[in-house]
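Chemist: Pasting a structure here, questions to come.
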Amino acid sequence: MRKVILGLILVFWPVLVRAEPLSLEQAQQKALSGNPLLRAARSEVEAARSGVAEARGAFLPRVDLRLIYARTDSPVQVFSYKLAQENFRAEDFLLDHLNHPVDYTNWQTQFVVTQPIFNQGREIIGYRRAKIALSQAENYLEAVKQRVLFETERAYLNWLLALERVRVMEEAVRTARENLRVAESRYRAGRALKSDLLEARVFLSRQEKDLASARHQAEVAASALNLVMGVPLETRWEPVPEEGLPGDPGPLKNWLCAALNRRPDLRVEAHRVKLAELAVREARFRFLPSLNLKGIYEKNAQDPLSGGADGDAYTLMAELNFNLFRGLQDKAHLARSRAELLAARERFRQYRREVEHQVREAYSRYLTARKEYQVTERAVAQAEEGLRIIRQRYQAGLALLVELQDAETALKRARLLRLEAIYGLRLAESGLRFAAGLMDERRTMPAEACHEKP
């Protein structure tokens, strides 16, 4: 029975593990839904949104319930508790009762409502800081999305390149085996030396070794793609390669303008400058007074359970505090905030220059990749023609086996270089879109010019 089950598994295993087709767009959609870094960034946006609600709550009144139990023989406390309970009698004015009261109990219940009006701008600053933090988190999420899309596209293209390398190496192995068959036939016919036969076998071994290495690289590339998509690493896919190559990138200024307008990480840096500006304003507000309104309703009872003496009262207050002197701490804090603002502006200016440099570098790399592709196209055509001539000469006995193998090696190298140039061109185009913040747009040239800078 076990043998039957094992046989069925071996028969139907290729069907059970059949790979699903996967295009670049599908891979990116899977990455957007399954990448852990994106899920973490979305959680940070939710946390920042809750922070805005929390900061908004600082403008609303605060309501507290206080329950206080006290038992004392302090003359002052006993006197005040009896007054609060509305339980003060004429005999309580006797000196002996005033100076030596018996133990007295008070249960106090207070409802305290505090309405903040202006506390050196802490509520206003806190709310604005929370709004900036939310915008910063949203832009960070967009930056992570751009990064995930780029990493997915790069992993997908590397996977396609690895599969194409496998195909080239398989073709090289088939050609080497055909050459070995021809060498064996010629050796048996006495038209070739044994050294040619041995060299053909060694050459086949080298091609098989390269094929094994190419298959290993394809497995690694597939695992890397699954990693960035957030799916199990052993998942199998069938590639759906895209046809066509990227075209003319257009003028560099369009890419620079798009980057200055669209890069979400640049907006994150701009928000840091806004936070530093807000810190300066907060430091200035420290020199201003604080104003709060407070209302208290209290009930005092000697024994709330047995219905003893009790009394209630209310208090309305307006509290105004002036900051006169804190040991020069506020002045030093303002100076520090201003210095940190200057530092934030300089960092933003430098980051902006780095963004422009990244776009220029990506643009130059793309132009270079286009030229490399054109060169490799001609090299493949020349290598194919050279191999055709050498093969005819070898079949006619006018060329050595080593010359044929050299021509085949040259063609294999040319085809590999062309593959690397093709996918290098696509990777360069993807890198240019990533540098300009356009990973969510599937076109080479930016659709819009730059009208304003962040």
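Chemist: Compute the Rg/Rh shape ratio of region 44-179: radius of gyration over Kirkwood radius, all on alpha-carbon atoms.
Modeler: Numbers: Rg = 37.5 Å, Rh = 23.0 Å.
Across region 44-179, the Cα-based Rg/Rh ratio is 1.63.
Chemist: For a bin width of 10 Å, list the pair-distance distribution of region 124-182 built from all Cα-Cα distances, rounded to whole %.
Modeler: Taking every Cα pair in region 124-182, the percentages come to 19, 20, 16, 14, 12, 9, 6, 3, 1.
Chemist: Also: Got a sec? Charge dipole of the chain, +1 on Cβ for Lys and Arg, -1 for Asp and Glu; which of SER43, GLN146, ALA162 is way out at the positive end?
Modeler: Of the candidates, ALA162 comes out farthest on the positive side.
Chemist: On C-alpha positions alone, give me the angle between the axis of helix 122-188 and the longest principal axis of the chain, in degrees, nearest 10.
Modeler: 20 degrees
Chemist: Taking the number of other C-beta atoms within 10 Å as the exposure measure, put VAL112, VAL268 in order starting with the fewest.
Modeler: On the way: VAL112 15, VAL268 19.
Fewest-to-most Cβ neighbours within 10 Å comes out as VAL112, VAL268.
Chemist: Counting helices only, and only those DSSP H runs with n ≥ 4, report the 222 nm mean residue ellipticity of the chain as the sum of -39,500 (n - 2.57) divided by its residues, in deg cm²/dmol to the nearest 500. Don't skip to the answer; put the middle values down first.
Modeler: Working: 11 runs with 300 residues, N = 454.
Mean residue ellipticity at 222 nm (helix-derived): -23500 deg cm²/dmol.
Chemist: Can you check how the C-alpha radius of gyration of region 22-102 compares to 2.2 N^0.38 Å, as a plain ratio? Don't skip to the answer; put the middle values down first.
Modeler: Details: Rg = 32.0 Å, N = 81, 2.2 N^0.38 = 11.7 Å.
So the Cα radius of gyration is 2.74 times the expected 2.2 N^0.38 Å.
Chemist: Can you compute 3J(HN,Hα) from phi for each residue in region 350-364, using the Karplus curve 6.51 cos²θ - 1.76 cosθ + 1.60 with θ = phi - 60°, rounded to whole Hz and x for Gly and Pro?
Modeler: Result, ordered by residue: 5, 5, 4, 5, 5, 4, 4, 5, 4, 5, 4, 5, 5, 5, 5 Hz.
Chemist: Please compute the net charge surrounding ALA335, taking Lys and Arg as +1 and Asp and Glu as -1 over other residues with Cβ under 13 Å from its Cβ.
Modeler: On the way: positive: ARG284, ARG286, LYS331, ARG336, ARG338; negative: ASP330, GLU340.
Result for the local shell: +3.
Chemist: Would you work out the charge dipole size for the chain about its Cα centre, treating the Cβ of every Lys and Arg as +1 and the Cβ of every Asp and Glu as -1, and quote it to the nearest 20 debye? Intermediate values should be presented prior to the final figure.
Modeler: Working: 71 positive and 60 negative charges, 451 e Å.
Value, rounded to 20: 2160 debye.
Chemist: Would you kindly work out the equivalent ellipsoid of region 229-291 from its C-alpha gyration tensor and give its semi-axes, the square roots of five times the eigenvalues, largest first in whole Å? Don't skip to the answer; put the middle values down first.
Modeler: Working: eigenvalues 456, 114, 7 Å².
They are 48, 24, 6 Å, listed from largest to smallest.
Chemist: Rank these for me by crowding, LEU95, LEU438, going from fewest to most other beta carbons within 10 Å. Intermediate values should be presented prior to the final figure.
Modeler: Values: LEU95 7, LEU438 22.
With the sparsest Cβ surroundings first, the list reads LEU95, LEU438.
Chemist: Between helix 24-34 and the chain, what is the angle of the helix's C-alpha long axis to the longest principal axis, kept within 0 to 90° and rounded to the nearest 10?
Modeler: 30 degrees
Chemist: Hull surface divided by four, with the convex hull built on the Cα atoms of region 172-255: how many nm²? Write down the numbers at each step before the final one.
Modeler: On the way: hull surface 42.1 nm².
Hull-based average projected area comes out at 10.5 nm².
Chemist: Now for a different question. Quick one: divide the alpha-carbon radius of gyration of region 232-347 by 2.2 N^0.38 Å and tell me what you get.
Modeler: Details: Rg = 31.2 Å, N = 116, 2.2 N^0.38 = 13.4 Å.
Rg over 2.2 N^0.38 Å, computed on Cα atoms: 2.33.
Chemist: Within 10 Å of each residue's Cβ, count the other Cβ atoms and sort ILE132, ILE68 from fewest upward. Walk me through the numbers on the way to the answer.
Modeler: Working: ILE132 19, ILE68 11.
Ascending Cβ contact count within 10 Å gives the list ILE68, ILE132.
Chemist: Using the alpha-carbon atoms, what tilt in degrees (0 to 90, nearest 10) does helix 75-84 show relative to the longest principal axis of the chain?
Modeler: Between the helix axis and the principal axis of the chain, the angle is about 90 degrees.
Chemist: Work out the charge dipole of region 279-327 with +1 on the Cβ of Lys and Arg and -1 on the Cβ of Asp and Glu about the Cα centre, then indicate which of ALA318, PHE287, ALA301 is farthest towards its positive end.
Modeler: About the Cα centre, the residue reaching furthest to the positive side is PHE287.
Chemist: Per residue and in cubic angstrom, what volume does the convex hull of the Cα atoms of region 79-135 have? Could you put the intermediate results ahead of the total?
Modeler: On the way: hull volume 9.7 nm³, N = 57.
It is 169 Å³ per residue.
Chemist: I would also like to ask the following. Which longest uninterrupted range of the chain lacks any chymotrypsin sites (Phe, Trp or Tyr not before Pro) assigned by DSSP to a loop state (not H, G, I, E or B) and surrounded by at most 10 other Cβ atoms within 10 Å?
Modeler: On the way: sites that count: PHE322, PHE325.
Longest gap between qualifying sites, sites excluded: 1-321.
Computed from the coordinates by the stated procedures, all read-outs in this text should not be read as laboratory data. For clarity, every value in this text was computed on a predicted model and none was experimentally measured. For neighbour counting, all protein chains shown are included, and Cβ atoms are generated from backbone atoms with ideal geometry for every residue, glycine included.
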